[in-house]
Amino acid sequence: GKDAVKLAFLLSGGGEFAFVVLALAEKLEVLPKDLGGLLTAIVLLTMAVTPLLGQVAAVASEAFVAYTGNINCDEDECILEEESQVAEDAVVICGYGEVGQEIVNQLGMAYDSSQYSEEGAINNMMNLPQVVAFDTKPSLINNILMPLTNVVVMYGDGQNPEVLRSHGVYNPQAIFISYEHHEQVMAATSRLRTSFVDAPIYTR
């Protein structure tokens, strides 16, 4: 992303510690003196242009974002590099493993082919996804997947009711808990049932 481009530029130069390492290497005769002198000169030059690299990094990162856009699609999944709100009554899937992905696909296709209620039509006009899955995969930390039109997959602990509410889900139509471990499934069921007493909860 944008920050990665900046870091790539800013970390490309040498630092003060290089002088210590090069001096020690020359003292121990690990490096020839002429090569040590050349490397020292290179480190000095990269340190001197660090302020310029900062300016170049800012321009390059903006150009990168403009080129790639806010949405990148790969293998039929779109990645949104921004926060997302979902429908207040969205269907929630806790866990995006093999079972969670199958649930997402089935529900997503069902919403695409079904007729919306009046409230659902309003949500759809507002481009609010009707199905949301939460998972703690590191790849989701800064990204949001959109495997289908009405589906988003976001980073977060789905068994935490505050995570659901922070994304706009206050009255979920249903909650699917697809974690692999039985203890986690039971803990999530108990916690979510306390906060969403009227929502049907389905477990694997």
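Of the residues making up the stretch 29-50, those that are open to solvent by less than 90 Å² (accessible area, probe 1.4 Å) and part of a helix (DSSP H, G or I) are L35, G36, G37, L39, T40, A41, I42, V43, T46, M47, A48, T50. When the stretch 150-177 is examined, which residues are found to be of a type in the set (F, W, Y) and closer than 15 Å to T136 by Cβ? Y155 - this is the single residue of the stretch 150-177 that is of a type in the set (F, W, Y) and closer than 15 Å to T136 by Cβ. For the stretch 138-158, the criterion of being among the hydroxyl-bearing types (S, T, Y), open to solvent by less than 30 Å² (accessible area, probe 1.4 Å) and in a loop (DSSP other than H, G, I, E, B) is met by no residue. Residues of the stretch 10-28 that are open to solvent by 40 Å² or more (accessible area, probe 1.4 Å) and over 35 Å from the mean Cα position of the chain (by Cα): F19, V20, V21, A23, L24, E26, K27, L28.
I'm checking my understanding of the structure. Among residues of the stretch 67-98 that are in a helix (DSSP H, G or I) and modelled with pLDDT under 55, which one is most open to solvent (accessible area, probe 1.4 Å)? Within the stretch 67-98, the match that is most open to solvent (accessible area, probe 1.4 Å) is Y67.
The values are calculated or read from the model by the stated rules, or taken from the named source; none is laboratory data. Only a predicted model underlies this, so the values are computations on that prediction, with no experimental measurement involved. Here Cβ is always computed from backbone atoms with ideal geometry, including for glycine, and neighbour counts include all displayed protein chains. Just so you know, the surface numbers come from the protein's heavy atoms only, side chains and all, with ligands and any DNA or RNA stripped out. Shrake-Rupley method; radii C 1.70, N 1.55, O 1.52, S 1.80 Å.
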